[in-house]
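Chemist: Pasting a structure here, questions to come.
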Amino acid sequence: MAAEIKPKLGGETKMKTGLIWFNGHTVPQEEAKVSVLTHAMHYGTSVFEGIRAYETPKGPAVFRLSEHVERFFHSAKVMMFEMPFTPEQVSEGILSVIRENGYKSCYIRPLAWMGATSLGVNPLPNNPAEVMVAAWEWGTYLGDEAVRKGAKLITSSWARFPANVMPGKAKVGGNYVNSALARIEAQQAGADEALLLDKEGFVAEGSGENLFFFKGKVLYAIEHSVNLMGITRDSVMAVARDLGYEVREVRATRDQLYMADEMFMVGTAAEVTPVSYLDHRAIGKGTAGEHTLKLRVAYLEAAQGRNPKYDAWLTYVR
Ligand SMILES: *Cc1c(COP(=O)(O)O)cnc(C)c1O
């Protein structure tokens, strides 16, 4: 006898986020719902940001809010979204989500997407974007162990897409099919994260992180080329220069990384995460590197309002 098949009803969410800013109003998570005919769900036509707020001695503060909101609107521009809100309104939405949920520190996810007005591939011209901001309390992205011992990476068989294939400077939803495939492959191989190469075989980035390595005391940042221009990358380069490190931007190969003394990944979610192994080869001593950890501490001091020099990077939540 065939077992009874119970239809699985969608919409059940394991994630708890509390209040969400949804098209201009803060509503309980249960009320922030969209149609299954949402264009973005069919074709990846969404843009998003990943932002963090940290607990500082003067209360919660958002790290580099204006740069994130600016990139959000640039991503929307690439997709020709008609945004129904101004950058100021989205910034205020971000602050209100933190305030109204009472978070001390959190990860913030603004998202804009093409809604359910048409299912032709071309969403224009009658599909103004919808916008939401959710936030949740979130620790280290790759786990505390990865931060302490260094993450293990493998080079993915999925390459980072060339600039004439996908808009890699924009955080567009559809781009992350590439990231998800690489990340799944890494996990299946027992690694913490994937390293993607560009189509010429040079090092591109992680599935959601920019990459750096040290040779002696010289810090090498993997150049932008096809990569997302990370705000953490920019912050880490500034902090490293202030600490007296020489910083160079390079196009590197994977064997160059095998020969590095230290390696690490950066991103809003990953912050500064040391890399101990790449493709089963120990990087340096196969642990979290000394200079990397120094940069991690300095970066977090800046983000957590413990170094007045970087106060201009913080927007306090009042
Ligand atoms: C978001 C992201 C990064 C990191 O950018 P940050 O601005 O530092 O958060 C790096 N690479 C990709 C593909 C990303 O999506």
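FYI, it's all coordinate maths here, none of it is from the lab. What you see is a predicted model, and the numbers here were worked out from it, not measured in a lab. Using ideal geometry, Cβ is built from the backbone for each residue, glycine included, and neighbour counts are taken over all protein chains shown.
Chemist: Taking every alpha carbon pair in segment 120-222, what does the distance histogram look like in 5 angstrom bins from 0, in percent?
Modeler: In order of increasing distance, the bins hold 2, 10, 16, 19, 18, 15, 10, 6, 3, 1, 0, 0 percent.
Chemist: Return the single residue from Glu223, Glu271, Glu88 with maximal mean-square fluctuation; model: Gaussian network over the chain, springs between Cα atoms under 10 Å.
Modeler: Glu88
Chemist: If we count every other residue with Cβ under 13 angstrom of Gly305's Cβ, Lys/Arg +1 and Asp/Glu -1, where does the sum land? Please report the intermediate quantities before stating the final value.
Modeler: Numbers: positive: Arg52, Lys58, Arg64, Lys104, Arg306, Lys309; negative: Glu55, Glu301, Asp311.
Taking every Cβ under 13 Å from that of Gly305, the sum is +3.
Chemist: Given a Förster distance of 35 Å, report the FRET efficiency between Ala282 and Glu137 from their Cβ-Cβ distance, rounded to the nearest 0.05.
Modeler: My answer for the efficiency is 0.55.
Chemist: Which residue, Met265, Met41, Met15, has the most motion in a Gaussian network model of the chain that connects Cα atoms within less than 10 Å?
Modeler: Top of the fluctuation ranking is Met15.
Chemist: Given a 10 angstrom Cα cut-off, can you work out which residue in Val69, Val47, Val165 is the most mobile in a GNM of the chain?
Modeler: Checking each option, the largest mean-square fluctuation is seen for Val165.
Chemist: 222 nm [θ] for the chain, helices only, -39500 (n - 2.57) per DSSP H run of 4+, per residue, to 500? Before the final figure, lay out the partial values.
Modeler: Values: 8 runs with 84 residues, N = 318.
Theoretical 222 nm ellipticity from helices: -8000 deg cm²/dmol.
Chemist: If you scale each eigenvalue of the Cα gyration tensor by 5 and take the root, what three semi-axes come out for segment 103-167, rounded to whole angstrom and sorted largest first?
Modeler: 34, 23, 8
Chemist: To the nearest 20 debye, what charge dipole does the chain have about its Cα centre, counting +1 at the Cβ of each Lys and Arg and -1 at the Cβ of each Asp and Glu?
Modeler: For the chain, the charge dipole is close to 320 debye.
Chemist: Right, here's the next one. Evaluate the relative contact order of the chain (contact order divided by residue number), counting alpha-carbon pairs under 8 angstrom at least 6 apart; express in whole percent.
Modeler: Worked out over the chain, it gives 19 percent.
Chemist: Under Stokes-Einstein, with the Kirkwood radius over Cα pairs standing in for Rh, what whole-number D in µm²/s applies to segment 178-300 at 10 °C and 1.306 mPa s?
Modeler: Details: Rh = 14.3 Å.
Translational D for this selection: 111 µm²/s.
Chemist: Further, regarding this structure: Give or take rounding to whole Å, what are the principal axis extents of the alpha carbon atoms in the chain, in descending order?
Modeler: Result for the chain: principal-axis Cα extents of 56, 55, 45 Å.
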